[in-house]
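Working notes, beginning with the structure itself.
The values are calculated or read from the model by the stated rules, or taken from the named source; none is laboratory data. Only a predicted model underlies this, so the values are computations on that prediction, with no experimental measurement involved. Note that each Cβ is placed from the backbone with ideal geometry, even for glycine, and that neighbours are counted across all protein chains shown.
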Amino acid sequence: MSITSNELLIGIAIAVFLSGTLAYLFWRQRKEVKQQIKERGENPSVNTKQLQLQAYERLMLLTDRIALQNVISRVNQQGLNAKEMQYLLTQSIKQEFEHNITQQIYVSPESWDAVRNFKDQNMLIINQVASFLPEDASGMDLNKSLLELIMQNPKTSLQNVVADALSYEAKKVMK
C-alpha cells in the first residue's frame, strides 16, 4: 500500500493546521496569564526575585545536607561494611542533589556549578577514602576516616566557599 501525493499533501495540510492551532492556543493562554497578572497588580519581576531567592535558600540547605559530616551523621548505620556505607553515602548525596536539580534554572550558572562541584568533590572523597581501606573494613572505619580527613584539613571541603558564593549571589538578587 503506497501513499499517493494527494494523500501526502492532505496529511501535511492537517499537520500544519494542527500545529498552527496549537501555537495559537499557547500564545492566547500566555497572553491571558499576563493579563491576569497585570489585573492583580503583580509585578512579574518581584515573583521572579522570590523564586530566585527561594532557589538560593534551597541550595544553601542542599550544601549543608551534602556536607560530609552531615551525610555521615544522617546515614550512619551499625553493622555495614565499608562498601555498603560508601554506597549509602554516595546515594544520599545523589538523591539530595537530584531532588534540587530544578533550582538551577533560577540561579546563576556559577552558583549552580559551585554546588555541582561540591557534590562531585564529596563523592570523589568518599570513593577515594573507601578505595584505600582494607577489604574487611567496616562502615564505621570509612566514616571515621572521612571525619578524620575533614578534621585534619578543613580546606578539604568546599562547603564554606560554596555557601559564601550562594550568599553573595542571593544578596545581589535582593538589591
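Restricting attention to segment 137-149, which residues are buried (at least 18 other Cβ atoms within 10 Å of the Cβ), among the aliphatic types (A, V, I, L, M) and assigned to a helix (DSSP H, G or I)?
Passing the criteria: Leu142, Leu146.
Could you identify the single residue in Gln103, Gln91, Gln78 that is touching a residue at least 60 places away in the same chain (Cβ under 8 Å) and in the same structural domain as Asn127 (by TED's automatic domain parsing)?
On the way: Gln103 fails: touching a residue at least 60 places away in the same chain (Cβ under 8 Å); Gln91 fails: touching a residue at least 60 places away in the same chain (Cβ under 8 Å).
Exactly one residue qualifies, and that residue is Gln78.
Test each condition in (1) surrounded by fewer than 18 Cβ atoms within 10 Å (Cβ to Cβ); (2) part of a helix (DSSP H, G or I) for Pro134 and report the one that comes out false.
(2)
Quick one: is Leu51 at pLDDT below 95 and in the same structural domain as Asn122 (by TED's automatic domain parsing)? Please lay out each step first, then the result.
Numbers: at pLDDT below 95: yes; in the same structural domain as Asn122 (by TED's automatic domain parsing): yes.
So Leu51 passes the test.
Quick check on my filter: what residues within segment 128-157 are in contact (Cβ under 8 Å) with a residue 40 or more places away in the chain and touching a helix residue (DSSP H, G or I) at 6+ places or on another chain (Cβ under 7 Å)?
The initial filter retains those residues of segment 128-157 that are in contact (Cβ under 8 Å) with a residue 40 or more places away in the chain, namely 130, 133, 136-143, 146-147, 150, 157.
Answer for segment 128-157, where residues must be in contact (Cβ under 8 Å) with a residue 40 or more places away in the chain and touching a helix residue (DSSP H, G or I) at 6+ places or on another chain (Cβ under 7 Å): Ala130, Leu133, Ala137, Ser138, Gly139, Asp141, Leu142, Asn143, Leu146, Leu147, Ile150, Ser157.
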